[in-house]
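Asker: Handing you a structure now.
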Amino acid sequence: LYVCLGDVVGYGPFVNECLELLFTKEKHLYIGGNHEDMYIAGTCSERCSPLARSFFEKTYPLYDKKFTHFLNSFKQIEKVDDAIFSHTFGDRYLYPDSDFGDLMLHHQDDEEVYNSEFFFFGHSHVQFLKVLMPQMEGAREKTFVNPGSSGQNRLDKGLSCYANYYPLKKSNYQ
């Protein structure tokens, strides 16, 4: 399963080429991020950084609108086996020192999310893995993974970051 956690567009001149590449992948899961939302809307959000705004203003005119339907098909959050895939949780930028316990409290009413064991997300473009040990009897540990970014690595511009996830059982994801 090929998974993309969002922010495919918005930071370089090859917007259409990136989308074309994704469009050709078989057995995929595409999660939309804030940059995809901007391309769908055709405008930068108020929360957009000056750098992201500058890139959007330069790259949006190059964007082929035929991809809008494709971008609209990207999901916001998806559960596959025991893993949750989302661009972000609680619309937050998450880093290794973020309070993940607080984040789980935010999702305690969503049993599917709360009871999952693995959480994959992007948004901050910073690669890390963090494991939270259970605080209650019978609870499972939770593993949070930001695979980083192939095009916007924030720690070392010379690396393309990604993660491999191998579920213990064969996935039935279509």
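The values are calculated or read from the model by the stated rules, or taken from the named source; none is laboratory data. The structure presented is a predicted model; accordingly, all values stated were derived computationally and were not measured. Cβ sites come from the backbone with ideal geometry, for glycine too, and all protein chains shown count toward neighbours. Surface areas here come from the heavy atoms of the whole protein model, side chains and all, with no ligands, DNA or RNA. Shrake-Rupley method; radii C 1.70, N 1.55, O 1.52, S 1.80 Å.
Asker: Relative to the present Cα-Cα distance, how much length would full extension add between Ile40 and Arg92 at 0.36 nm per residue of separation?
Answerer: Values: separation 52, 0.36 × 52 = 18.72 nm, distance 2.08 nm.
Additional length available on full extension: 16.6 nm.
Asker: Continuing with the same structure: Rank by packing, highest mean first: peptides 3-9, 161-167, with packing defined as the count of other Cβ atoms within 10 Å averaged across residues. Kindly include the intermediate steps, with their values, before the conclusion.
Answerer: Values: 3-9: 23.0, 161-167: 11.7.
With the highest mean Cβ count within 10 Å placed first, the list reads 3-9, 161-167.
Asker: Asp102 versus Glu117, label points 7 Å from Cα toward the beta carbon: distance in nm?
Answerer: 2.8 nm
Asker: With the full set of protein chains in place, find how many percent of the accessible area of the chain is carbon and sulfur; take the probe as 1.4 Å. Before the final figure, lay out the partial values.
Answerer: On the way: 5520 of 10400 Å².
Ligands and nucleic acids excluded, carbon and sulfur give 53 percent.
Asker: Let me ask something else. Please find the FRET efficiency linking Glu57 to Val131, where r is the Cβ-Cβ separation and R0 is fixed at 45 Å, and quote it to the nearest 0.05.
Answerer: Values: r = 40 Å, r/R0 = 0.89.
The formula returns an efficiency of 0.65 here.
Asker: Can you list the aspartates and glutamates whose alpha carbon sits under 16 Å from that of Lys65, skipping same-chain ones fewer than 8 residues off?
Answerer: Reachable aspartates and glutamates: Glu17, Glu20, Glu36, Asp37, Glu57.
Asker: Asn34: net charge of surrounding residues, Cβ under 11 Å, Lys/Arg +1, Asp/Glu -1, itself excluded?
Answerer: Details: positive: Arg47; negative: Asp7, Glu36, Asp37, Asp91.
For residues surrounding Asn34, the net value is -3.
Asker: Accessible area per residue, 1.4 Å probe, Å², for the chain: what's the number?
Answerer: Working: 10400 Å² over 174 residues.
About 60 Å² of surface per residue is accessible.
Asker: Give the relative contact order (percent, whole number) for the chain; include only Cα pairs under 8 Å separated by 6+ residues.
Answerer: On the way: 271 pairs, mean separation 32.6, N = 174.
Averaging sequence separation for qualifying contacts and normalising by length gives 19 percent for the chain.
Asker: Near the amide H of Val3, under 5 Å away, which other amide H atoms are found, from residues 5 or more places off or on another chain, if H is placed in the peptide plane?
Answerer: Here Leu29 satisfy the definition.
Asker: Also: When 1/r is averaged over all different Cα pairs and the result inverted, which Kirkwood radius in Å belongs to the chain? All intermediate terms of the calculation are to be shown ahead of the outcome.
Answerer: On the way: mean 1/r = 0.0585 Å⁻¹.
For the chain, the Kirkwood estimate is 17.1 Å.
Asker: Hey, another quick one. Mind listing the lone cysteines of the chain, meaning no other Cys beta-carbon sits under 4.7 Å from theirs?
Answerer: Lacking a cysteine Cβ partner under 4.7 Å: Cys4, Cys18, Cys161.
Asker: Can I ask one more? Would you be so kind as to identify which of Asn115, Thr24, Gly42 lies farthest towards the positive end of the dipole of the chain, taking Lys and Arg as +1 and Asp and Glu as -1 on Cβ and the Cα centre as origin?
Answerer: Thr24
Asker: Tell me the mean residue ellipticity at 222 nm calculated for the chain from its helices only (DSSP H runs of n ≥ 4, each -39500 (n - 2.57), averaged over every residue, nearest 500). If you can, show how the numbers build up before the last one.
Answerer: Working: 6 runs with 43 residues, N = 174.
Mean residue ellipticity at 222 nm (helix-derived): -6500 deg cm²/dmol.
Asker: What size of dipole, in debye to the nearest 20, comes out for the chain about its Cα centre when the only charges are +1 on Lys and Arg C-beta atoms and -1 on Asp and Glu C-beta atoms? Each step should come with its number before you reach the end.
Answerer: On the way: 17 positive and 24 negative charges, 119 e Å.
Here the size comes out at about 580 debye.
Asker: Give me the accessible area of Glu111, 1.4 Å probe, in Å² rounded to the nearest 10.
Answerer: Probe radius 1.4 Å; accessible area of Glu111 about 130 Å².
Asker: Just grab the label-to-label distance for Lys27 and Asn72, each label 7 Å out from Cα along the Cβ direction, in nm (one decimal).
Answerer: Going by the 7 Å Cα→Cβ label model, 3.0 nm.
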